[in-house]
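Engineer: Please find one structure pasted underneath; my questions will follow.
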Amino acid sequence: MKITLLCNRDLPSHVALGHLVKGLAEHSLSIFISEKVGADKVLPEPLMELAAFERQLLMDGRPSFEQLAERAGCSLQGFVDLDNKVNTPEGIARIAATEPELIISVRFGLIIREAVIALPNQGIINLHSGLLPNYRGVMATFRAMQNNDTEIASTLHYIRDCGIDNGDIISISAIPLNPQQSYLLNVINLYAGGCQQIISAVSNLCAGKGLVAYPQEQVSTYYSFPSQAELDAFAAAGGRLFDQAEITALKQY
């Protein structure tokens, strides 16, 4: 199958891409990367520090995104030269040139609209790093930790329109939330099971079984990036976005 992967330049996406390049090796892959999530805005300092920590780990000797794409037999493509606008005629043509039968989104930071959604005959599926419909939006695991949940989850769902995290649910993979670990490590822990959700879905599609999906019936809140006040409260309660002491553990991913 011709599969186009949409990812983001961050550490969890890199971990996911490593799983998928290996697990989907029998397929023809094309890979696109976003360089940001959402609209341009200044984030609170703790989130900037988290991004810097992730960049540090991405340069710890692990293969680059470009090298992972080479392993998949393709070159890494993006949209920076198009001012990060994927829905322009040029952006649409760039994705269309990969002739995708299926598009898979994992942490892709740009909203895709109808012209892109219409390209693959098998549709677009997105792996959301949170339990849907409870936690739509960004940093779902932060919200789960904020609410003292006992589990976190990844949700595989269809993208049918330009709404965010509102498509029919294909599968959910839940794991225990470890309150002794940082937000980042808890997120990373989701992707072994989450990527297996994707690999299983692709296997079913290739076998002609189709994917059983059910609509999200519950009205849910969309979460944007946490505010400085929310981050301060998280830290005061003992929460950590990242932890230098976890570097050894994170290097195993």
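The values are calculated or read from the model by the stated rules, or taken from the named source; none is laboratory data. Only a predicted model underlies this, so the values are computations on that prediction, with no experimental measurement involved. Methodologically, a virtual Cβ is constructed for each residue, glycine included, from the backbone with ideal geometry; neighbour enumeration extends over all protein chains shown. Note: accessible area is taken over every heavy atom of the protein model, side chains too, but ligands, DNA and RNA are not part of it. Shrake-Rupley method; radii C 1.70, N 1.55, O 1.52, S 1.80 Å.
Engineer: Do we have Phe108 as touching a residue at least 40 places away in the same chain (Cβ under 8 Å) and either surrounded by fewer than 16 Cβ atoms within 10 Å (Cβ to Cβ) or part of a helix (DSSP H, G or I) (or both) here?
Structural biologist: no
Engineer: Any idea which residue in region 24-49 is modelled with the highest pLDDT, counting only those that are open to solvent by 30 Å² or more (accessible area, probe 1.4 Å) and under 19 Å from Lys85 (Cβ atoms)?
Structural biologist: The qualifying residue modelled with the highest pLDDT is Glu35.
Engineer: Looking at region 228-252, I want the residues that are in contact (Cβ under 8 Å) with a residue 12 or more places away in the chain and closer than 14 Å to Glu54 by Cα and have a partner that is of a type in the set (Val, Ile, Thr) and not in a loop (DSSP other than H, G, I, E, B) with Cβ atoms under 7 Å, at least 6 apart or on another chain. Which pairs are those?
Structural biologist: So the pair list comes out as Leu250/Ile188.
Yes/no matrix, rows are residues, columns are (1) at pLDDT 95 or above; (2) closer than 12 Å to Asn186 by Cα; (3) out of contact with any strand residue (DSSP E or B) (no Cβ under 9 Å at 6 or more places or on another chain); (4) β-branched (Val, Ile, Thr):
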site: Leu127; (1), (2), (3), (4): yes, no, no, no
site: Thr141; (1), (2), (3), (4): yes, yes, no, yes
site: Ala144; (1), (2), (3), (4): yes, yes, no, no
site: Asn148; (1), (2), (3), (4): yes, no, yes, no
site: Ser154; (1), (2), (3), (4): yes, yes, no, no
site: Asp161; (1), (2), (3), (4): no, no, yes, no
site: Asp168; (1), (2), (3), (4): yes, no, no, no
site: Ser171; (1), (2), (3), (4): yes, no, no, no
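Engineer: Asn204 - would you say it is buried (at least 18 other Cβ atoms within 10 Å of the Cβ), at pLDDT 95 or above, of a type in the set (S, T, N, Q) and in a helix (DSSP H, G or I)?
Structural biologist: Here the answer is no, as Asn204 does not meet what is asked.
Engineer: Determine whether region 114-133 contains at least one residue that is in contact with an Asp or Glu (Cβ under 9 Å, 6 or more places away or on another chain), open to solvent by less than 50 Å² (accessible area, probe 1.4 Å) and hydrophobic (A, V, I, L, M, F, W, C).
Structural biologist: For region 114-133, residues in contact with an Asp or Glu (Cβ under 9 Å, 6 or more places away or on another chain), open to solvent by less than 50 Å² (accessible area, probe 1.4 Å) and hydrophobic (A, V, I, L, M, F, W, C): present.
Engineer: Let me ask you something else. Sort out which residues of region 58-72 are open to solvent by 70 Å² or more (accessible area, probe 1.4 Å) and among the small types (Gly, Ala, Ser), and write them in order of number.
Structural biologist: Across region 58-72, the qualifying residue is only Gly61.
Engineer: Within region 56-69, does at least one residue satisfy the condition of being among the small types (Gly, Ala, Ser), more than 29 Å from Phe242 (Cα to Cα) and not in a loop (DSSP other than H, G, I, E, B)? So that I can check it myself, show each step before the final result.
Structural biologist: First, the residues of region 56-69 that are among the small types (Gly, Ala, Ser): 61, 64, 69.
This time we only want the ones that are more than 29 Å from Phe242 (Cα to Cα), so: none.
No: region 56-69 contains no residue that is among the small types (Gly, Ala, Ser), more than 29 Å from Phe242 (Cα to Cα) and not in a loop (DSSP other than H, G, I, E, B).
Engineer: If I ask for residues that are over 24 Å from Leu131 (Cβ atoms) and either among the basic types (Lys, Arg) or surrounded by 10 or more Cβ atoms within 10 Å (Cβ to Cβ) (or both), which ones from region 221-243 would you list?
Structural biologist: Gln228, Asp232
Engineer: Another question about this same structure. Is it true that Asn186 is touching a strand residue (DSSP E or B) at 6+ places or on another chain (Cβ under 8 Å) and at pLDDT 95 or above?
Structural biologist: For Asn186, the condition - touching a strand residue (DSSP E or B) at 6+ places or on another chain (Cβ under 8 Å) and at pLDDT 95 or above - is met.
Engineer: Go through region 111-159 and give me each residue that's of a type in the set (S, T, N, Q) and in a loop (DSSP other than H, G, I, E, B).
Structural biologist: Asn121, Gln122, Ser129, Asn134, Asn147, Asn148, Thr150
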